[in-house]
Structures are given as C-alpha cells and as structure tokens.
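Everything on this sheet refers to the single structure shown next.
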Amino acid sequence: MTNTILNIPQSEIERLESLYDFCDRESGEVLQFIENHSHLTALLLEIPEKIVQFFPDASLSLKVIIDPESSSDEDDMLGLAIASNIDAEESVDRLEKFDYDWWLEASAGSGNKLLIDLE
C-alpha cells in the first residue's frame, strides 16, 4: 500500500487487497481510482463470490485502463482480469455465461467504469 491518504476505510482496502492483485502497488493508481469512483467498492467486494461460480481457481487482478485516444481521465476505466487454468475456449464460454447470468444486470451499478475480461 502506498503512503497516499485515501478516504476509503482501511478495512475495505484490506479486503480489496485480499481479493485482488493490484497491478500498480507502488503508485496506488487502482485505489485512487476506486476512491474517485466509490460506487464501485460494494460491487468489487461482491464480484469475487460470483466469479468463483464460473472460475473456481481464478486469480483476479485490477488495473486502471487509460483510453489513449481521450484527453480526459473521465474515459478511464478499471479493468478486472480473470486468470484461470481453464482452456481458452471454455474460459470464453464461462465468461459469457457469467455475463448473462449476473454481470449484465449488475454492471448497471458500475457506471461504465468497470470492465471484466479474461487475462
């Protein structure tokens, strides 16, 4: 964790860090993004229990995705990558099922700021 002072409760930071690998440990970019888009916190805490139903062995990571064609950070998103030992074709099928069974409806709460994909 960085020395950046955030308004995210420490208990939530610790929980998020136990559920996800942050691809930017040094800069704190993921936590800063979550702080700026606090509506994502509850969703990020819920997602792993949903993903495990489709990818039982998955590890999950978060990174900020910057739109290279945009001049505004308003177009940035948080990317959630699912890494699994399941073969590629089966993983795509499972991700599609996850989308239809839960994520398409739940994603309304993300404000188009969270993208879930395979690693």
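Here is a list: 74, 69. Which entry is among the charged types (D, E, K, R) and under 18 Å from the mean Cα position of the chain (by Cα)?
Numbers: 69 fails: under 18 Å from the mean Cα position of the chain (by Cα).
74 is the lone residue from the list that is among the charged types (D, E, K, R) and under 18 Å from the mean Cα position of the chain (by Cα).
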Worksheet item: Quick one: which of 93, 76, 87, 101 is touching a strand residue (DSSP E or B) at 6+ places or on another chain (Cβ under 7 Å) and at negative phi?
Response: 76
Fill in: Flag if residue 82 is at pLDDT below 95 and within 11 Å of the chain's Cα centre (by Cα)
no
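Answer with yes or no whether residue 50 is at pLDDT 95 or above, basic (Lys, Arg) and within 11 Å of the chain's Cα centre (by Cα). I'd like the intermediate steps shown before the answer.
Numbers: at pLDDT 95 or above: yes; basic (Lys, Arg): yes; within 11 Å of the chain's Cα centre (by Cα): no.
Taking the combined requirement at face value, the residue does not satisfy it.
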Item to complete: Only residues that are under 18 Å from residue 77 (Cβ atoms) and of a type in the set (Asp, Glu): list them for the stretch 97-119, please.
Response: 99, 117, 119
Discussion item. Checking the structure you have, find out if any residue of the stretch 40-61 is polar (S, T, N, Q) and farther than 20 Å from residue 119 by Cβ.
Written reply: yes
Item to complete: For residues that are of a type in the set (D, E, K, R) and touching a strand residue (DSSP E or B) at 6+ places or on another chain (Cβ under 7 Å), scanning just the stretch 1-25, find the one that is modelled with the lowest pLDDT.
Response: 24
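The values are calculated or read from the model by the stated rules, or taken from the named source; none is laboratory data. Since the model is a prediction, treat every value here as computed from it, not as a measurement. Heads up, the Cβs are rebuilt from the backbone with ideal geometry, glycines too, and the neighbour counts pull from every protein chain shown.
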